[in-house]
Every structure is written in structure tokens, then in C-alpha cells.
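The values are calculated or read from the model by the stated rules, or taken from the named source; none is laboratory data. All of these numbers come straight from a predicted model, not from anything done at the bench. Note: ideal-geometry Cβ built from the backbone for every residue, glycine included; neighbour counts use all protein chains shown. Only protein heavy atoms, including side chains, enter the accessible area calculation; ligands, DNA and RNA are left aside. Shrake-Rupley method; radii C 1.70, N 1.55, O 1.52, S 1.80 Å.
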Amino acid sequence: MDLMVNGHNACIILLVTFLTSLILTPLVKTIAIHINAMDIPNKRKIHKKPIPTLGGLSIFFAFMLGYMLYARESTMMLSVLMGSFLLILCGIIDDINPVKAKYKFIVQLVAASTIVIYGNLILNEVSIFGLNLYFTQPWAQIITIIFIVAVTNIINLIDGIDGLASGISAIYFITIAIIAFVLNQMGGLDIILSLIMAGATLGFLAHNFPPASIFLGDTGSYFLGFIISIIALLGYKATTLTSLVIPIAILAIPIFDTASAIIRRLLKHQNPFTNPDREHLHHQLLKMTSSPKKTVLIIYIITILFSVVSILFALHEKQQAMFVYVILMILAILLVMKTDIVFTHKKKK
């Protein structure tokens, strides 16, 4: 059992990791500029001048401090550290000198396999939408690895505008902590990690919110997605999250955006994983608002609404949860119909 968290301890964990990340981010920014880890503008990107990247390092260092102070050493935690280090190292190299997608994918597979094989975190049954599915070996291991890699990339793909991936991730971590607090399940590793990551991500977000002075880079987006997937699996195994509907609902926006991107590119006969474009959800909203800050805030609000669905579902208030969820789905369908997020509409002359 890890540290039994109460309201007082939770505030301390949040404050310590928040301040650590907040203070370290300017130092990481200086290092990024010095080693030329810069995100250079191009026709696909929104920013107009080079922005230092490697921002994920400040989140990772705050995470490490939080681990040393508040999380108990265990085989599971060691596997998290090993997998995280691999992704951070790959991200640093990629942020300095771009790495081919296939090599990054291999590193992700190794990191995910470390969690499954060494950490023994395996999704051998799934309860979702009233269905109970059971998996035998080696399918359970393969499905778990696929889940970790998929979530890792979903967060990476949504990272296309200032403060978006970090903000959505922070909302995720906070929501998991709220669910655990309401259900009085505050002793698991998933909750400790959620609190540590919430503080670390919010500290970075202070520098990353539009107009951002530093970006997450692959260093940060891969790390955030990796930890998000692990918290979902830990929470489900510990029954903090009674169904995978809960984390999936919180991540509805990045999942929707990724699915839309895959369908959109397949319809154009393009490789869905190697043809970046400017038709993502945030690009569509940016066309409407002409403001990165307004765009990010709109997506934050939608994500918070999905988080409310998750909290209601965890409290077994399924009717209320479904009511909010249906409204959000109708809005998503209208968005698909009115924008180019999936289908390219003919431009009016």
C-alpha cells in the first residue's frame, strides 16, 4: 500500500510538484535554446517564431521528485520509471534531431512491454458498456501493450496548439483524483501518480498556456500519454475505475480527434500515421475563433464536461451521465458535418 492520501496530503503533493515544475521549466527552456531543441515554424504549424521544446523534462523531473517523496518503491513503480526513461530519452533525441516514426514506435513498444512483462500490469478482463470480456495469455499481454502504445500516441497527436495536450492531461489527472476522493479510495499507486502528475503538469502549463514560451515536445507528449495509460490500467485493476468507460470518456476529445484524423487520411488515400495536416479539431476551432487561447479554452470546457460524465458514471449515476454524453455526441456529429475534420467540404466561391 502506498501513502494513504487525505485532503492535506493531496494538497502538499500537488503544491510540491507544481512548484518544482514551475521553477524548473525556465531552466529547461534555457537548455533547449542552448542545444537548439527548437520547434521551427512551417506551413502546418500555428506559431510564427521558433519556440524551445523539451518542456516534458520539467514535468518528468517534478514527477521523479514526487515519486521519491511520496510513492513506495515497488516492481510496478520501477517498470514505470524504466519505461518513462526510455520515452524521455527518445523524445529528447527527437526534439533535437527528428527520429523516424518506426524507431519511435519500437521504443514505445519496448516501454509498454516493460510495464506488461516486468511490472506485470496486464489487462486480462474488460468491463465496458455492460459487456465483460476476458482475455487469455498471450492475448492479454498483447492487448495491454496495444492500449499503452495507443494512448501514448493519442496524446502526442493532440499536441498541436499551445497548452492543449498538457491541459487535457491535467484535467485527466485531476478527474481521476476526484473520483478516488469521492469513492474514498485514496491509497493506490494510481492516485499517487495522478496527484504527482497533476501538480507537475499544471506547473508546466503556466508556461505552456497560449501564448506558450515553451512546448512539450515529443519528450513531454509521449511521457504524458504513457503515464495516463498506466493510471487507467492501475485504476481499473484496483477497481478505483469500475469500467474503462471512465478513462475513455475523459480522453474523448483526443480519441475523437485521432479517429477523425485516421478516417480523414484514409479517405484521401494517405498513410494515416505519417501524413500530418491542419485539419485536426483544434485547427477547425481555430478557423472559427481565430484565437489559440479561445480554442484551447473551448476544448478544456468540453473535456471537463466529459470528465463530469466520468464522475457521474463512477458514482453510478448512469442516467445523468448518458444524458450529458448524448448531448456531447450530438455536438461532435454537428462538428463533423460543419467542418473538414473528417470530410472535405467544397469551398464556397
**Item:** Cβ-Cβ under 7 Å pairs, at least 6 apart or on other chains, region 279-305 side more than 19 Å from A261 (Cβ to Cβ), far side open to solvent by 30 Å² or more (accessible area, probe 1.4 Å) and assigned to a helix (DSSP H, G or I)
**Value:** L305/V324
**Request:** State all residues of region 299-327 that are closer than 25 Å to S213 by Cβ and crowded, with 17+ Cβ neighbours inside 10 Å; if no residue qualifies, say none.
**Result:** I299, Y300, T303
**Asked** Would you pick out the residues in region 35-93 that are aliphatic (A, V, I, L, M) and under 28 Å from S291 (Cα atoms)?
**Response** A37, M38, I40, I46, I51, L54, L57, I59
**Fill in**
Across (1) modelled with pLDDT under 90; (2) among the polar types (S, T, N, Q); (3) in a helix (DSSP H, G or I), T274 clears everything bar (3)
**Request:** Can you give me the number of residues within region 277-298 that are within 16 Å of S169 (Cα to Cα), surrounded by fewer than 20 Cβ atoms within 10 Å (Cβ to Cβ) and β-branched (V, I, T)?
**Result:** 1
**Prompt:** Taking region 263-295, which residues are farther than 20 Å from K338 by Cβ and β-branched (V, I, T)?
**Reply:** T274
**Message:** open to solvent by less than 10 Å² (accessible area, probe 1.4 Å) and under 13 Å from the mean Cα position of the chain (by Cα): which single residue out of L251, L193, L233, L224 fits that description?
**Reply:** L224
**Request:** Kindly list, by first and then second residue, each pair from a residue in region 313-334 that is assigned to a helix (DSSP H, G or I) to a residue that is open to solvent by 90 Å² or more (accessible area, probe 1.4 Å) and at pLDDT below 85, limited to pairs with Cβ atoms under 9 Å and residues at least 6 apart or on different chains.
**Result:** F313/M322
**Request:** Being of a type outside the set (A, V, I, L, M, F, W, C) and either assigned to a helix (DSSP H, G or I) or open to solvent by 10 Å² or more (accessible area, probe 1.4 Å) (or both) is the filter here, so list the residues in region 155-165 that pass it.
**Result:** N156, D159, G160, D162
